[in-house]
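Okay, so here's the structure we're looking at.
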Amino acid sequence: MCGIIGALCDHNVQDELLGALRRMEYRGYDSAGICVLDGGSFQQAKAAGKLSNLQRELASHPLSGRIGIGHTRWATHGEPTIINAHPHISANVALVHNGIIENHHQLRVQLVAQGYCFVSQTDTEVLPHLLEEKIQQRELLDAWREMLSEIEGAYAIAAIIRSLPGSLWFARKGSPLLLGRGAHGVYVASDALALAGLADEVMYIDDHHWGRLTLEGVELYDLSGNPVELEWDPLPVTAHDAEKDGFPHYMLKEIHEQPAVLRRILRQYVKGDGEIVFEQASFLHEKPLPQRIVMIACGTSYHAALTARYWLERYLKIPVEVDIASEYRYRDPVIGQHTLLVALSQSGETADTLEVLRMFKRHTPGNDALALCNVPSSSLAREADGLIELFAGPEIGVASTKAYMAQLAVLALLTLFMARRAGAMPEERVAEHLAALERAATDMEALLADTAAVRQAAALFADVRGALYLGRGPCYPMALEGALKLKEISYLHAEGYAAGEMKHGPIALIDHLIPVVVIAPKQYHLEKVISNLHEVQARGARVILIVDLPEAGIATDAACVLRVPEGDYFSTPLLVCIPLQLLAYEVACMLGTDVDQPRNLAKSVTVE
Ligand code: AGP
């Protein structure tokens, strides 16, 4: 969601602010703005829409100053207009914010009564006015602390103050924020990628911490005003991470990275003798196995969890519950003891998933919480009792691809690890499954090298009304994911269904304008899926069949067949990812949408 950058440098900051905003474009936004402080006055530029609009504005009216803040806004309160774009300014304060100020209405009424004039419809605008009001009456540090104690909701804030051109101010509660320092300046940002090429070291700010950053150092406080210890880490990303490496889109680059990601995961977690070791989740090795597993996530990460439920229940014979984080947190779930929470998130900053983790730890402190996450510095990774890192590398395309495959891969390893510990799978079987996962990386390369059939399948989506995806067993959630991928980036309506459920309603949709993607690998109830295929074909549907057998062995007359190499119970879904992702990508390219930054979407949903 919103991207925040603040910079204090030994030179003009405009270009650095703009560059940082560009590296955060992937988070999703619909307007942007920059404000710098020079000679005691604020200068600002804002634009609705893409950053190129802001860049044009800056080209005709450049800003100059050595300290400034910038923001990409994903609208929540008020339309994505220039007026609502951040920064928001009061007489002495300019400020950018990510999150939602829940008591903004009461604060606005109070501030209007005190004579403050509001120009935007945003919740954020109360913040500079509230701080302005406080600094009229007290020392700056006290003013900040008092402002923070009066606001409710979630925030990451960066601010500059007119009378103090040498300090960047910041605060965090519930939305990610980090500080950076490099050879030519200091920075505050919502994303490490923003600081690529600028900072060498970063400091992750925890919830309820706030402070100020100068070229000389940092002052960091908790909500009571007590100083907090400072901890700098090396910047975990490089400028190269933000490049497309010759691919037309990040999404395509990331789809192609999957064989390397899978190999990295296997190298990381499977030792030479075939032992599976999760070093950052030692409790998995040391404590008794759980009697129940609860898996929580949103979107694509939720789909990965749904597939893993089939795997875990089959081998561990314990109940595995999977739920959407935004539902779980409000439904008074019965958690119980001896329960393992597995929270899955690419970003580790998804507000609902994080809140479930916190709720789980509050309610059943005796249980363990495991994060499956791609960003080891994220809030989820840091707050869980153990981490299985996804090692997918920065994922910039809004549509998750390689992180999804990585989640499936580590969940397959987690199942094998637990099944082995439970004595539920003989050693030879574990070794065979590990070998199949190894082979899958090479098979993925073969799939990525020949995409002609996928392009042919994509052509079937010209002038359609929508699409249906069908699968059974662990491939049913893959049908959900295939449909999500298509709707996210092509804006076509798509539904994923359990193939056996199709006759209970969705079959009414079927005609030649609704292509049906049937996922039918031989591992998962092939004959039954093929009967469902015949049922839709009999009603005029054009079928795109994803299969791992020679199509002659199945005898269908599908409009298009996408073959994947034969995998096993665990590796097959990893292989099926490739045609599903490529199909969505090719359809989106054919329809000319913005593949990497589809409309209305944010990469990391940091507000509920
Ligand atoms: C994936 O393509 C989506 N953009 C979205 O559903 C995403 O998976 C979801 O927001 C969860 O994100 P997370 O994995 O970072 O928690």
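The values are calculated or read from the model by the stated rules, or taken from the named source; none is laboratory data. None of these values were measured; they are calculated from a predicted model. Ideal geometry is used to build each Cβ from the backbone, glycine not excepted, and the neighbour counts take in all protein chains shown. Ligands, DNA and RNA are stripped out before the accessible areas are found, and what is left, the full protein with its side chains, is counted by its heavy atoms. Shrake-Rupley method; radii C 1.70, N 1.55, O 1.52, S 1.80 Å.
A few comments on the model shown:
- Between 0 and 90°, nearest 10: helix 14-23 axis offset from the chain longest Cα axis: 20 degrees
- Net charge dipole size for the range 1-147 [Lys, Arg +1 and Asp, Glu -1 on Cβ; Debye, nearest 20]: 280 debye
- When restricted to Cα atoms, the range 219-333 yields an Rg and a Dmax of 20.1, 53 Å, respectively.
- Under 17 Å from the R362 label point (7 Å along Cα→beta-carbon), backbone N, the range 320-351: 325-336, 351
- Dividing the summed helix terms, -39500 (n - 2.57) for each DSSP H run of n ≥ 4, by the number of residues in the chain produces a 222 nm estimate of -11000 deg cm²/dmol to the nearest 500.
- Cβ-derived FRET efficiency at R0 30 Å, E219 paired with A59, nearest 0.05: 0.25
- Separation of the H11 and E608 label points, Cα + 7 Å toward Cβ, nm: 4.5 nm
- Among K253, K528, the order of accessible area from largest down is K528, K253, computed with a 1.4 Å probe on protein heavy atoms.
- Whole-angstrom gap from the range 103-127 to the range 323-362, using each part's C-alpha centre: 34 Å
- Label-to-label distance for L230 and K528 is 6.1 nm, based on points extended 7 Å past Cα in the beta-carbon direction.
- Normalising the average separation of contacting C-alpha pairs (under 8 angstrom, six or more residues apart) by the number of residues puts the relative contact order of the chain at 12 percent.
- In this structure, R563 and E438 have a Cβ-Cβ separation that, at R0 = 22 Å, corresponds to a calculated FRET efficiency of about 0.60.
- On Cα atoms only, tilt of 299-316 relative to the major axis of the chain in degrees: 50 degrees
- Gain on full extension, evaluated as 0.36 nm per residue between D273 and Q106 minus their Cα-Cα distance, stands at 53.9 nm.
- In a fully extended conformation the segment linking L448 and A239 would gain 72.6 nm over its present Cα-Cα distance, using 0.36 nm per residue.
- Ligands, DNA and RNA excluded, the heavy atoms of S163 present near 90 Å² of accessible surface to a 1.4 Å solvent probe.
- Cross-link table K317/K522; K253/K402; K485/K522; K253/K485; K317/K528; K402/K485, entries beyond 18 Å C-alpha to C-alpha: K317/K522; K485/K522; K317/K528
- Accessible-area composition of the range 3-240, carbon plus sulfur, in percent [1.4 Å probe]: 50 percent
- Between the Cα long axis of helix 476-490 and the first principal axis of the chain there is an angle of about 50°, rounded to the nearest 10.
- Hull-based mean projected area of the range 3-240, where the convex hull spans the alpha carbons, in square nanometres: 11.6 nm²
- Placing R420, R145, R362, R314 in order of accessible area, with the largest value first and a 1.4 Å probe, yields R362, R314, R145, R420.
- Each principal axis of the Cα cloud of the chain was evaluated for its coordinate range; sorted largest first, these ranges are 78, 55, 43 Å.
- The label-point distance for R314 and S282, in a model that sets each label 7 Å from Cα toward Cβ, rounds to 3.4 nm.
- Taken over the C-alpha atoms, the range 450-602 has Rg and Dmax values of 14.2, 43 angstrom.
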